[in-house]
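The values are calculated or read from the model by the stated rules, or taken from the named source; none is laboratory data. Predicted model only: the values in this text are computed from it and were never measured. No Cβ is skipped: glycine too gets one built from the backbone with ideal geometry, and neighbour counts run over all protein chains shown. Remember, those area values only see protein heavy atoms, side chains included, never the ligands or the DNA or RNA. Shrake-Rupley method; radii C 1.70, N 1.55, O 1.52, S 1.80 Å.
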Amino acid sequence: MKQTAQFDGTFEAWWRATGDFLRRRTQPTDIYWPDPFQKEKGLFDGAQISAQPAPAIRRESRQSAATTSRTLVKGSPLVADTAWRRILALARRVCYARYPERFSLLYRVVWRMQHGEPHLTDLLTDADMRAVQQWDGAVRRDAHKAKAFVRFKLMHCDPITGLEHFAAWHCPSHYPLRLVGDFFADRFATMRWTIFTPDETANWDGQHVVYLQNRSQINKLQEDNIESLWLTYYSHIFNPARLNVKAMQREMPKHHWQTLPEAKILPDLIQSAASRSSAMQGHIDSPAALRKIAARRYRGGAETTPASPAAMDTNQTPFTPHPELENT
Amino acid sequence: MSLVDISVKLAILADAAKYDASCASSGAKRKGNGKLGNATGVGICHSYTPDGRCVSLLKILLTNFCIFDCVYCVNRISSNTQRARFTPEEIADLTIQFYKRNYIEGLFLSSGIIQSPDYTMEQLVRAAQLLREVHQFNGYIHLKVVPGAAPNLIELAGRYADRLSANIELPTPVDLSQLAPEKSFEQITSAMGNIADKIQIRRRSPTVIRNPEQTLALPSVEARTPVSGKLNRFAPAGQSTQMIVGATPSSDVTILETARDLYNRYQLRRVYYSAYSLIPHHDSRLPGIAPPLLREHRLYQADWLLRFYGFDLSEIASATENGQLHADLDPKLAWALRHPARFPIDINRAPRHELLRIPGLGARNVDRIIRMRRISKLRLADLIALKVPLKRARPFVITADYHPSISELDRLSTARSRPVQQTLFDVAPFHADKRRS
């Protein structure tokens, strides 16, 4: 009869469960690994799964992984430490892939390593290892995109302390939140923030990152007026003469567009690129015309050739200042 | 300043900055330490614009007013473009606001030359100083170095910035004197030399992160802190430069020669090749049409071969036509076709530097192959599993189950080695901007 693994879906919990099964020599085919992230709604809703400070989790898991691997090695064909480290590094990410079979795949690989295939992690063309590699790549990319595409909006600023609370709504392809929580905590330590995703939430209170496995659906967070400046920047930093929509979409796939403020203006930018670029090509000035423009810009526009910069009064702007810019 | 005013200026000064290809935010690594911002060592592209380029930094000019008249530049004094100027305070505020919303990794600040190189550099340094000392900003800062600025200003710039760059602009001194009469190769390379020296000194002795100073006067510019006598930090992410391609007739080999010399002399992290782009109100001395973006791509490929694949410039030059890289062959394949005697190479036995010569095989896959072949002999199927483009690589490799016939390589070299002149109207299917350092 199949045994059901009891764990919360985190890498640390999977590794603990794996250690137990291996010690009892449970065959990979005898275990049913549920997917706690795909659970029935309501089972763990709102339950606090892990409330330890993020760095502590990391230290603790590393230590436990090392001790577990030592006990596992006993009495089985020698599996090198480097091989353990390699598979654990992979598992740390693969555990957060959106594939229900991920836990059983990882267990099977570890089982095979212990049962006559200690070099399995070097067989990059083995079917199981290829799946592990591929899923690892997918989660790695997804985590990287989470670091890139999470967009915070200012929700609240404490009038007394000045402490700012930001929130973001992000829709990843996998479950990368636990892999990027430390990054956000380190980068935005001075702020308070919450990242909502459809499957889990991470919250930083200034001390700890707390993860909640709860389903949420947020269609709109409140407006943030800095966003309009961001859109201005985004539409002016791109060169319409080099339009390359394919390259843009390869790196910024459409499913992320719903949570990216700049995606709203993308269609307009693409559409107007051709006319903006041909407008550039229309203006060709002869050197004589350009010299005239240059001369006008220098103070005392009567001169026909630009004076050398050194000859000018260095305390004053050498060109006629724009009236609006006088006091900036 | 209202948001609207800022927005107007931002539009002008972002427009003016977009011709600088660099947007890399990599190379510096430090923890946040409770401040706002950190640097992870690998750059994060926070967004992509419709030209496929990544946005990782707030890339703006302090001002696009400029007293220089560089023909290729949209901000030259003789250009009829709209002008604006930010204050260092506005730039610092904008950077912080964008950073907190996770739009950017930091700031890349450049400027037109106003009044004098020293005055301009001082303004750039001031913005960086405000970010570091007033806002306690710990994210990435890339400052443009104005050639001709005083060495003490460069010292300060390096203290606040992660990366510094002085643009070489054009491939040869002659090109530069024709299109940028106020600039000189010598002045630009001497700024690079100055930066390289300062970075070199830090490699040899320990540096400290400067104590935050509350004063807004520019602090002392001594390289050592008065307290510990240790060196202040200086541009931990090194320096880079940019060269405009296609504005002058200089060939690819000339461009690569200059790049190689710069890499060797000044230990640059990156040379950016920027295909000359048509600018509004452009000068009739410039070509009326931009070079194909494919040319940029081929230059980056050749640059990579020089730096990471053990190629010598003479080897790359041996596979060019009149000094131009092939349009329809990547430089490694072009070289391989010219040197059939070096092939086929045995995947299961050849040393790393030979594997790197195989067309279609990247450094990453080479390392994977070396790891895998310790366990078992590799077959063609293994290469497919590694996603090696077999069409390109197959005639050049021996695997456990495959040995190419000599005629196969012969056929390939006669069929493909006839050079096709690249026309100006080629549409570039490739894109090179994601390569960062």
Item checked: Normalised convex hull volume, segment B:329-416, alpha-carbon set, Å³ per residue -> 85 Å³
Check: Going by a 4.7 Å Cβ-Cβ cut-off, which cysteines of chain B have no partner at all?
Finding: B:C23, B:C66
Notebook entry, point to check: What Kirkwood hydrodynamic radius do you get for segment B:70-109 when you take the inverse of the mean 1/r over all pairs of distinct Cα atoms, in Å?
Noted result: 12.3 Å
Notebook entry, point to check: If you take the accessible area of A alone, add that of B alone, and subtract the area of the pair, what total do you get in Å², probe 1.4 Å, to the nearest 100?
Noted result: 7400 Å²
Next item on the list: Take segment A:226-282, compute every pairwise Cα distance, and split them into 10 Å bins from 0; I just need the percent in each bin.
Entry: 21, 54, 23, 2
Notebook entry, point to check: For A:F166, which sequence-distant residues (separation of 5 or more, or a different chain) have an amide H within less than 5 Å of its own amide H, given hydrogens modelled in the peptide plane?
Noted result: A:M155, A:R192, A:W193, A:T194
Next item on the list: Just tell me how shielded A:247-256 is by partners: mean number of partner chain Cβ atoms within 10 Å of each residue's Cβ, no decimals.
Entry: 5
Notebook entry, point to check: Which peptide among B:354-366, A:93-105 comes first, and what is the full order, when sorted by highest mean count of other Cβ atoms within 10 Å?
Noted result: A:93-105, B:354-366
Note to self: Quick check on segment B:1-148: what does the Kirkwood estimate of hydrodynamic radius come out to from the alpha carbon pairs, in Å?
What the structure shows: 15.7 Å
Checklist line | Volume per residue of the C-alpha convex hull in chain B, rounded to whole Å³ | finding: 162 Å³
Check: Taking a probe of 1.4 angstrom, what is the accessible area of B:L179 in Å², to the nearest 10?
Finding: 10 Å²
Next item on the list: Output the peptides B:294-307, B:135-148 sorted from most to least packed, where packing is the average of other Cβ atoms within 10 Å over each peptide's residues.
Entry: B:135-148, B:294-307
Next item on the list: Enumerate the calculated ³J(HN,Hα) couplings along segment A:136-142 in order (Karplus 6.51 cos²θ - 1.76 cosθ + 1.60, θ = phi - 60°), each rounded to whole Hz, writing x wherever the residue is Gly or Pro.
Entry: 4, x, 5, 5, 4, 4, 5
Check: For peptide A:144-155, how many partner chain Cβ atoms fall within 10 Å of a residue's Cβ, on average?
Finding: 4
Next item on the list: Would you please give the residues with an amide H less than 5 Å from that of B:V245, counting only those at least 5 places away or on a separate chain, with H modeled from the backbone geometry?
Entry: B:S274, B:A275, B:Y276
Check: Residue-wise, which Karplus ³J(HN,Hα) couplings in Hz belong to segment B:26-40, taking 6.51 cos²θ - 1.76 cosθ + 1.60, θ = phi - 60°, and x for glycine or proline?
Finding: 9, x, 10, 9, 7, 7, x, 6, x, 8, 7, x, 8, 9, 9
Next item on the list: Rank by packing, highest mean first: peptides A:185-195, B:283-293, with packing defined as the count of other Cβ atoms within 10 Å averaged across residues.
Entry: A:185-195, B:283-293
Next item on the list: Give the Kirkwood hydrodynamic radius (Å, one decimal) of segment B:1-46, defined as one over the mean of 1/r across all pairs of different Cα atoms.
Entry: 13.2 Å
Next item on the list: Over the Cα atoms of segment A:77-137, compute the convex hull volume and normalise it per residue, giving Å³.
Entry: 66 Å³
Check: Which percent of the accessible area of chain B is formed by carbon and sulfur heavy atoms (probe 1.4 angstrom)?
Finding: 52 percent
Checklist line | With DNA, RNA and ligands ignored, accessible area of B:K183 (1.4 Å probe; Å², nearest 10) | finding: 40 Å²
Check: How about segment A:158-205: which of its residues lose at least 10 Å² of accessible area in the presence of all protein chains relative to their chain isolated, using a 1.4 Å probe?
Finding: A:E164, A:F166, A:F183, A:D186, A:R187, A:F188, A:A189, A:T190, A:M191
Item checked: Translational diffusion coefficient (Stokes-Einstein; Kirkwood radius from C-alpha pairs) of segment A:149-212 at 25 °C, 0.890 mPa s, in µm²/s -> 205 µm²/s
Notebook entry, point to check: For peptide B:5-14, how many partner chain Cβ atoms fall within 10 Å of a residue's Cβ, on average?
Noted result: 4
Item checked: Accessible solvent surface per residue of segment A:189-277, calculated while the other protein chains remain in place, 1.4 angstrom probe, Å² -> 44 Å²
Item checked: FRET efficiency estimate (nearest 0.05) - Cβ-Cβ, B:A363 to A:D30, R0 41 angstrom -> 0.45
Next item on the list: Quote the accessible area belonging to B:V388 in square angstrom, nearest 10, computed with a 1.4 Å probe and with ligands, DNA and RNA left uncounted.
Entry: 10 Å²
Check: Under the definition of Cα pairs under 8 Å and six or more residues apart, what whole-number percent is the relative contact order of segment B:36-132?
Finding: 33 percent
